[in-house]
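Here's the structure, in structure tokens; my notes come after.
The values are calculated or read from the model by the stated rules, or taken from the named source; none is laboratory data. These numbers were taken from a predicted model, which means no experiment stands behind them. Virtual Cβ from ideal backbone geometry, glycine too; neighbours counted across all protein chains shown.
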Amino acid sequence: AMETGVARKPIKSWAAYERELTERLGIDNRLIMAIRTKAKQDPKRIVFAEANSFRILKAVQFVIREGIAKPILLGNKEKIHELIKENQLDLENVPIIDLYESVSDEKRHHFAKILYEKRKRKGMTYNEAVEKMYNRDYYGSMMVETGEADAFISGFSRKYSSTIRPTLQVIGVKKDFNHIAGMYMLLTKHGPLFLADTTVNMNPSAQTLADTTLLTAAEVRKFNIEPRIALLSYSNFGAYKGEGSPIRVKEAVQLLHEQDPDLIVDGEMQANYALNGKLRYSRYPFNKLGDMDANTLIFPNLSSGNITYKILQALGPYEAIGPILMGMKKPIHILQRDSTVREIINMTAIAVIDAQASSTLED
Ligand code: ACO
């Protein structure tokens with residue numbers, strides 16, 4: 001069905017939803033409240049590449065009302081106005097950029113030139129670069145690249161891999177890192193749990209696992225939480241000797257212990273030993289987490305990471321925030337396809353905080 005034509009159940013008020021989560025479900029969601037408060041202190045310009053969608057517009061209305069972000073909408077002007085009218089959204093003063101109507105030739109060529117310079121030795125011709133400026137993922141990333149926007153959000157309506165490629169080409173990977181990776185934050189009864197890599201690297205090498213761990217540790221610290229990290233597999237501390245992920249994970253842990261001896265990280269270990277510190281300590285007293293439960297889990301490959309977070313999200317009650325993209329030079333976030341309005345709002349707050357952190361680095 002077309003997104004516009006479906007009857008929707010009314011969205012609960014934010015306050016009611018929070019009460020339900022904290023009281024009935026017993027979820028401690030103070031962290032997301034803190035993230036939103038932090039975003040409000042210095043709201044940033046977020047470009048939404050998929051403003052043709054009702055859910056994106058609904059989320060945008062909320063973040064404007066709450067002062068979380070200053071949205072810029074990319075999409076077909078007529079369609080956006082139609083959705084605003086039909087759903088009686090209050091989005092009168094939000095800038096809309098329609099790539100077929102509101103972009104001057106001069107501007108398009110200016111952006112195309114920048115992209116062409118980046119990609120000319122990777123097989124892109126100038127004409128192709130001009131063509132790409134009609135694609136919202138390229139154009140939106142280019143706005144962040146040139147400082148016209150502070151962060152980019154896309155991915156609601158298309159598959160992750162096709163959305164992320166343009167942003168990799170335009171923005172690229174942070175200095176000193178060879179990889180990007182995706183993280184999910186789950187708010188549970190036992191406090192927040194961070195999971196990575198849940199979205200990008202299919203068969204990571206030991207070095208990629210180590211990089212992902214370092215990116216994740218830095219991200220967790222952004223939320224004022226000290227990461228206690230377990231690298232997961234199906235074996236504990238060298239028990240399994242055959243081929244498979246335990247060996248690679250063990251190698252990654254060795255790299256991490258050499259590169260950052262103060263980081264609280266160990267493995268390889270099974271998930272129950274990660275989450276039950278007392279059990280782990282009784283059997284493996286030498287482990288670097290001691291008897292503490294891990295709050296950060298690194299998966300041996302994309303299959304296990306992606307499947308785990310989706311199962312947890314489906315069986316909750318958990319508040320799942322993500323996927324938080326790590327390792328990009330600038331704040332870029334690719335939503336899970338068919339995200340809920342609430343997920344989009346949370347990711348917008350995360351993107352704002354990300355942009356706040358990058359602007360302090362530049363200062
Ligand atoms: N980190 C950093 N840079 C990367 C990475 C990475 N993990 N992977 C590729 N790149 C770079 C490449 O080096 C290349 O750079 P260059 O063109 O400047 O030389 C550029 O990105 C594009 O490379 P491609 O070859 O087009 O990309 P590739 O085929 O390697 O695909 C992708 C990259 C799309 C991220 C791929 O790894 C992928 O599909 N991952 C799985 C995504 C997925 O399906 N996730 C699960 C669903 S997500 C969810 O559930 C929310």
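Quick notes
- Selection status of Ile332, surrounded by 23 or more Cβ atoms within 10 Å (Cβ to Cβ), among the β-branched types (Val, Ile, Thr), under 10 Å from the mean Cα position of the chain (by Cα) and more than 10 Å from the ligand (Cβ to nearest atom): yes
- Single match in Phe152, Phe156 (criterion: aromatic (Phe, Trp, Tyr), surrounded by 18 or more Cβ atoms within 10 Å (Cβ to Cβ) and assigned to a loop (DSSP other than H, G, I, E, B)): Phe156
- Lys122 vs. criteria more than 25 Å from Val63 (Cβ to Cβ) and within 13 Å of the ligand (Cβ to nearest atom): yes
- Per this entry, Val130 is not counted among residues that are β-branched (Val, Ile, Thr) and outside any helix (DSSP H, G or I).
- If only residues of the stretch 165-217 that are buried (at least 24 other Cβ atoms within 10 Å of the Cβ) and either within 25 Å of Glu117 (Cβ to Cβ) or free of Cβ contacts under 8 Å to residues at least 24 places away in the same chain (or both) are counted, the one that is nearest to the ligand (Cβ to nearest atom) is Ile180.
Residue-wise test of (1) over 18 Å from Leu186 (Cα atoms); (2) free of Cβ contacts under 8 Å to residues at least 12 places away in the same chain; (3) buried (at least 23 other Cβ atoms within 10 Å of the Cβ); (4) of a type in the set (S, T, N, Q).
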residue	(1), (2), (3), (4)
Asp260	yes, no, no, no
Asp266	yes, no, yes, no
Gln270	yes, no, no, yes
Ala274	no, no, yes, no
Gly277	yes, no, no, no
Tyr281	yes, yes, no, no
Gly290	yes, no, no, no
Asn301	yes, no, no, yes
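- Any hit, the stretch 181-196, residues being at pLDDT 95 or above and outside any strand (DSSP E or B): no
- The residues of the stretch 82-112 that are surrounded by 13 or more Cβ atoms within 10 Å (Cβ to Cβ), in a loop (DSSP other than H, G, I, E, B) and either in contact with a Phe, Trp or Tyr (Cβ under 8 Å, 6 or more places away or on another chain) or on the phi > 0 side of the Ramachandran plot (or both), listed by number, are Asn87, Leu99, Val103.
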